[in-house]
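Student: Got a structure for you, written out below as structure tokens; questions coming shortly.
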Amino acid sequence: MKKGTKYIHAGAQPDPATGAIMTPIYQTSTYVQEAPGKNKGYEYSRTHNPTRSALQSALAAAENGRHALCFSSGMAATDAVVKLLKPGDELIAAADMYGGTFRIFTKVFEKYGIRFTFCDMQNPDELAGLMNAHTRMVWTETPTNPMMTVTDIEAVAKICKSKNVLLAVDNTFASPYLQNPLDLGADIVVHSATKYIAGHSDVVHGCIVVNDDNLNEQLAFIQNSCGAVPGPQDCFLVLRGLKTLHVRMQRHCENGEKIARWLRANEKVDKVNWCGFEDHPNYEVARRQMHGFGGMMSFTLKDDSIEAAMKVLSHTKLFSLAESLGGVESLIGHPATMTHASIPREQRLKNGLTDSLIRLSVGIEDADDLIEDLRQAING
Ligand SMILES: *Cc1c(COP(=O)(O)O)cnc(C)c1O
């Protein structure tokens, strides 16, 4: 089955009681048993819920995986993955990564004796050099936020396989439509489904997808033991969002390309970070492992000041100033004062996050209107 068909049909069965085509919201905590242990596979909704089960099947299919597990947020999914590790284990992570992931690694799990080392994942040789007897997991995110660098998943997976180390990929930015890390050799895929998968800025949700049965069992045990599960209403919203992922992503990609190229030709704009440019340092890798380049990008202004960026941010009307990404509506953000404000300025500048850097999550509105909105804000 092709992607779009899977997003709509995988895991979907008419409701056995009524024939309802859409999986109902099973708003229940518990299930009546005929006798102790004699039930229809459902005992308690932390462990299993039919709305969640339908979504888990659909998400597994979307990532070409065998198993998916849903969580109450992307961070809860990340939390469960790190709990596969024990004191003394080391996780090597991409230096350029979602701030919340960096925070949970260093501020929450380091104090439980898990070690975190950071590396430039654009350079697999650097990763190979860092691996040692304690390394148990490698964590990468691609493309990255907000610099849009790309990890060669296949190359990193080869290194991990040779050392018997698990590879986890945060696939939030690409979505299952643009990239399927399990097909490239990753062991674990993590999503903040809050973003492209749900796609309508109306729910916070996360998931993990794996192929390995044993890994799935361990993660399901953690999911049930720790209990960061999503409610059935949230699962329903994600299930509904997933059904249009391919249609939305096609438009995100089209609009993204138009806007990236328009920005690049703008005399007030300095640099545009978008992995679809032929001269992007990771273009060849991106073209090989992704099915399109998406709607995420960032750019700097020739007047590289916070004030110049603020002027743009305060003048857009269609691009709303907000955190998050991946929704149908376009968003604009300023990493230096928003998502990356906690990073010291020098460190931030070293990573290319200059004062005027502006991040866009290009939505699926009409591209002409989006370009006109940016034109009046940047040049007007
Ligand atoms: C938003 C985000 C997360 C965290 O997900 P939540 O659903 O907000 O908990 C993790 N990784 C990436 C790349 C994200 O953009």
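Student: For region 72-160, take the convex hull of the Cα atoms, compute a quarter of its surface area, and give me that in nm², please.
Tutor: The Cα convex hull of region 72-160, projected and averaged over all directions, gives 5.6 nm².
Student: Nearest 5 percent is fine: what portion of the DSSP beta bridges confined to the chain is antiparallel?
Tutor: That works out to approximately 55 percent antiparallel.
Student: Still on this structure, please answer the following. List every residue whose amide H lies under 5 Å from the amide H of Gln179, counting only residues 5 or more places away in sequence or on a different chain, with H placed 1.01 Å from N in the peptide plane.
Tutor: Long-range HN contacts for Gln179: His291.
Student: Here is a further query. How big is the dipole moment of region 153-243 about its Cα centre under a simple scheme where the beta carbon of each Lys and Arg is +1, that of each Asp and Glu is -1, and everything else is neutral? Debye, nearest 20, please.
Tutor: 180 debye
Student: Can you run the Rg to Rh ratio on the chain? Use alpha carbon positions and the Kirkwood inverse-distance Rh.
Tutor: So for the chain, dividing Rg by the Kirkwood Rh gives 0.98.
Student: Lys pairs in region 149-293, Cα-Cα under 23 Å, at least 8 apart or on separate chains: how many?
Tutor: 4
Student: About the Cα centre of the chain, what is the dipole size in debye to 20, counting +1 per Lys and Arg Cβ and -1 per Asp and Glu Cβ, all else neutral?
Tutor: Its charge dipole is roughly 620 debye.
Student: Give me the net charge of Asn214's neighbourhood, meaning all other residues with Cβ under 12 Å from the Cβ of Asn214; Lys, Arg count +1, Asp, Glu -1.
Tutor: Net charge around Asn214: -3.
Student: Which of Asp213, Asp355, Asp183 ends up with the largest GNM mean-square fluctuation for the chain, with Cα atoms connected below 10 Å?
Tutor: Residue with maximal mean-square fluctuation among Asp213, Asp355, Asp183: Asp213.
Student: Looking at Gln122, Ser201, Ala341, which one has the Cα that reaches farthest to the positive end of the dipole of the chain (charges on Cβ: Lys, Arg +1; Asp, Glu -1)?
Tutor: Sorting the options by dipole projection puts first Ser201.
Student: Between the alpha-carbon centers of region 1-36 and region 278-292, tell me the distance in whole angstrom.
Tutor: A separation of 38 Å, based on Cα centres.
Student: Sorted by mean Cβ packing within 10 Å, highest first, what order do the peptides 142-154, 220-232 take?
Tutor: Top of the packing list down: 142-154, 220-232.
Student: Determine the share of the chain's accessible area contributed by carbon and sulfur atoms, expressed in whole percent, with a 1.4 angstrom probe.
Tutor: Carbon and sulfur together cover 53 percent of it.
Student: Another one. Per residue, how much accessible area does region 3-242 show when a 1.4 Å probe rolls over the protein heavy atoms, in square angstrom?
Tutor: 42 Å²
Student: What number, in percent, do you get for the relative contact order of the chain if the mean sequence gap of Cα pairs under 8 Å and at least 6 apart is divided by its residue count?
Tutor: Taking the mean separation of contacting Cα pairs over the length of the chain, I get 17 percent.
Student: Which sequence of Tyr26, Tyr112, Tyr196, Tyr31 reflects their accessible areas, 1.4 Å probe, from the largest down?
Tutor: I get Tyr112, Tyr26, Tyr31, Tyr196, largest accessible area first.
Student: From the residues Gln56, Asn39, Met310, which one has its Cα farthest along the dipole of the chain in the positive direction, the dipole being from +1 and -1 charges on Cβ of Lys/Arg and Asp/Glu about the Cα centre?
Tutor: About the Cα centre, the residue reaching furthest to the positive side is Asn39.
The values are calculated or read from the model by the stated rules, or taken from the named source; none is laboratory data. In this text, all values refer to a predicted model and were calculated from it rather than measured experimentally. For neighbour counting, all protein chains shown are included, and Cβ atoms are generated from backbone atoms with ideal geometry for every residue, glycine included. The accessibility values were calculated without ligands, DNA or RNA, using every heavy atom of the protein model including side chains. Shrake-Rupley method; radii C 1.70, N 1.55, O 1.52, S 1.80 Å.
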